[in-house]
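What follows is a set of notes on a single structure, which appears directly below.
The values are calculated or read from the model by the stated rules, or taken from the named source; none is laboratory data. All values derive from a computational prediction rather than experimental measurement. Positions of Cβ are generated from backbone atoms using ideal geometry, with glycine treated the same way; all protein chains shown enter the neighbour counts.
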Amino acid sequence: MYDLVLRSRRTCLPTGEQPAAVAVHNGRIAAVAAHGADLPAHTDTDLGEVALLPGLVDTHVHVNEPGRTEWEGFATATAAAAAGGVTTIIDMPLNSLPPTVDVAALNVKRQAAQGSCFVDVGFWGGAIPGKLHELPALHAEGVFGFKCFTVDSGVPEFPPLSWPEIDQALRQLSTLDALLIVHAEDSEELAAAPTATGRRYADFLASRPSSVENTAVAHLAALAAGANARAHVLHLSSAEALSIVAEAKAAGVRLTAETCPHYLTLTAETVPEGATEFKCCPPIREAANQDLLWQGLADGTLDCVVSDHSPSTPAEKFKGDGDFGIAWGGVSSLQLGLPVLWTAARARGVPLSQVVDWMSARPAALAGLTRKGRIAVGCDADLLAFAADERFTVSPGELRHRHPITPYAGRELTGVVRRTWLRGNTIGARPHGALLRRDGG
């Protein structure tokens, strides 16, 4: 007798979308069978034409707790994740106080998260100057890899690494087969660009030209090749850097790259004057650049799509009355990532199963989450019911993250998350998410 059977005419399996029945026992997927298969269960639910998807995996989330809980926190971030069909997040090491740069800070963060999470949560470690000797101990404690910056992070307690320090980190991590994830913008190129100031988005975009990313990605690819180390480019927005990533992959460099929903759906040409809810770093670029990012996803140069959920207080986000030079940079889209991306994807003829692969299976693979991101026997029964043809208009008041600021306000989207299950249990009013370790514990 199974605990739960879910049936859908639109089940997104690793082989594509098809009618199927998914049986759950003890929190894991125990069987995947034909839609009408006889599968005795305590609960048997037929979703009809509502799609059944694996829970999304978001490996790029800034929760900010402890220390900056006025910006965000585990309860609010994971509630937003669950509402958006995201069943696993991995929290970034910065914006919290202390940053996750040693085992003591990791333990503080785990204590803050305990009992507050509506979805499963793992943690990245941080790599900053003077703390690289802490990486092996953090690795042993189960972080999923290590994040560093090559430019100012925006918070003083998480300074950037120089390129020689990144080389040192990569060589150290190669002995552990650990992943270095990199905010890749080049400080010299950035210093040579015009200073960001004022309410015009075009001026902000000019302050972070594509060359800032391109140069950094090329540096990172070369260092990863020399160290035979795993490196990952975070939130790639410059389509000009795609050829660098593709050439490195073809040469056998262990380099991967991600992009984000806002780079795939928002364009520089349409950002209103003073609308700092659109500000992020690297920036949202032009429509022609966006088309090339979609091509990079289609050909496999880009590996996955994750949110880079980076919230702040309204005072920080709108600092300077619309001055892009001083407002906080970050787009908060944990709850909206799936419908945002699906709305754009279906307009481009991209099937739902491909969107699921980019947002579930591939981020899970990046982080080594072998039981996440797929509807397959043995995987955790993290699932969502998705009304893929239903439309809605984004209302900030319905968003669950702490400060419902969004560049998508008023936008009509397609695809509504009807229900989300974590290890076979409906996510409801009481949190039951687990804290994850890289080794599966």
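Condition check: closer than 18 Å to A257 by Cα and among the acidic types (D, E). Does D167 satisfy that? So D167 fails the test. Taking every residue in the stretch 25-37 that is closer than 12 Å to R7 by Cβ and modelled with pLDDT of 95 or more and pairing it with any residue that is assigned to a strand (DSSP E or B) and not hydrophobic (A, V, I, L, M, F, W, C), at least 6 positions away or on another chain, the pairs with Cβ-Cβ distances below 6 Å are H35/R7; H35/P19.
Screening the stretch 243-269 for residues that are assigned to a helix (DSSP H, G or I) and touching a Cys at 6+ places or on another chain (Cβ under 9 Å) and picking the one that is surrounded by the most Cβ atoms within 10 Å (Cβ to Cβ) gives Y263.
Restricting the search to the stretch 246-289, which residues are charged (D, E, K, R), more than 21 Å from the chain's Cα centre (by Cα) and over 28 Å from A365 (Cβ atoms)?
Taking the stretch 246-289 as the starting set, the residues that turn out to be charged (D, E, K, R) are 247, 249, 254, 258, 269, 273, 277, 279, 285-286.
Imposing the further condition that a residue be more than 21 Å from the chain's Cα centre (by Cα) reduces the set to 247, 249, 269, 273, 286.
Within the stretch 246-289, E269, E273, E286 qualify.
Pairing residues of the stretch 271-298 that are within 20 Å of H183 (Cβ to Cβ) with residues that are of a type in the set (D, E) and part of a helix (DSSP H, G or I), at Cβ distances under 9 Å and at least 6 apart in sequence or on separate chains, gives P282/E213; N289/E240.
Every test in (1) surrounded by fewer than 20 Cβ atoms within 10 Å (Cβ to Cβ); (2) assigned to a strand (DSSP E or B); (3) without any contact (Cβ under 8 Å) to a residue 60 or more places away in the chain is passed by V5 save one, and that test is (1). G16 meets the conditions (1) out of contact with any helix residue (DSSP H, G or I) (no Cβ under 6 Å at 6 or more places or on another chain); (2) surrounded by fewer than 17 Cβ atoms within 10 Å (Cβ to Cβ) in every case but one. The failed one is (1). Note on the stretch 381-419: residues that are buried (at least 18 other Cβ atoms within 10 Å of the Cβ) and not in a strand (DSSP E or B) amount to 13. Give the stretch 100-135 a look and list any residue that's of a type in the set (G, A, S), in contact with a helix residue (DSSP H, G or I) (Cβ under 8 Å, 6 or more places away or on another chain) and over 16 Å from A178 (Cα atoms), or say none. Once the filter is applied, which keeps residues that are of a type in the set (G, A, S), in contact with a helix residue (DSSP H, G or I) (Cβ under 8 Å, 6 or more places away or on another chain) and over 16 Å from A178 (Cα atoms), the stretch 100-135 yields A112, A113, S116.
Listed by position, the helices (runs of 4 or more DSSP H) contained in the stretch 330-372 that have at least 2 residues being within 30 Å of E316 (Cα to Cα) are 337-347. Looking at G378, G373, which is the one that is out of contact with any Cys (no Cβ under 7 Å at 6 or more places or on another chain), in contact (Cβ under 8 Å) with a residue 24 or more places away in the chain, surrounded by 23 or more Cβ atoms within 10 Å (Cβ to Cβ) and of a type in the set (G, A, S)? The match here is G373.
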